[in-house]
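The values are calculated or read from the model by the stated rules, or taken from the named source; none is laboratory data. Predicted model only: the values in this text are computed from it and were never measured. Cβ: placed from backbone, ideal geometry, glycine included. Neighbour counts: every protein chain shown.
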């Protein structure tokens, strides 16, 4: 069974460290109970404190963490980030669920089904909620 959640690409993230003014655009690869992996255009050293943001969510989502690994890859660097604490981990799980539900609602809309956010949430939870919870059962 998959132990990570794939983040929908229609919710881009920004990763900020001391060396970046507005943050670097990142492609979020995986998210789990303790942290996440993303692809960044520049290298970050292990131990670097970072803040992650999803500007398209209102209010804007922010979570803090620390770089635990940085490996060169085809389009920059694959960076592993550990959440600062349990509250940041919990917040990430809730925000990721919101992103997953909204992505699901948008996909249904492209397929001709119109659902409001509440109806999409109920349907998504019925279809995917258990699998999502198991992925975060760290």
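Does the stretch 91-104 include one or more residues that are in contact with a helix residue (DSSP H, G or I) (Cβ under 9 Å, 6 or more places away or on another chain) and at pLDDT 85 or above?
Checked against the condition, which is being in contact with a helix residue (DSSP H, G or I) (Cβ under 9 Å, 6 or more places away or on another chain) and at pLDDT 85 or above, the stretch 91-104 yields at least one hit.
Among the listed residues 106, 110, identify the single one that is closer than 19 Å to residue 12 by Cβ, without any contact (Cβ under 8 Å) to a residue 24 or more places away in the chain and exposed (fewer than 15 other Cβ atoms within 10 Å of the Cβ).
Exactly one of 106, 110 is closer than 19 Å to residue 12 by Cβ, without any contact (Cβ under 8 Å) to a residue 24 or more places away in the chain and exposed (fewer than 15 other Cβ atoms within 10 Å of the Cβ), namely 110.
List the residue pairs whose Cβ atoms are under 8 Å apart, where the first residue sits in the stretch 126-138 and is closer than 15 Å to residue 31 by Cβ, the second is at pLDDT 70 or above and not in a helix (DSSP H, G or I), and the two are 6 or more positions apart or on different chains.
If the second residue must be at pLDDT 70 or above and not in a helix (DSSP H, G or I), the pairs left are 135/32; 136/32; 136/33; 137/33; 138/32; 138/33; 138/34.
Are any residues in the stretch 49-93 within 10 Å of the chain's Cα centre (by Cα) and outside any strand (DSSP E or B), and if so, which ones?
Correct list: 92, 93.
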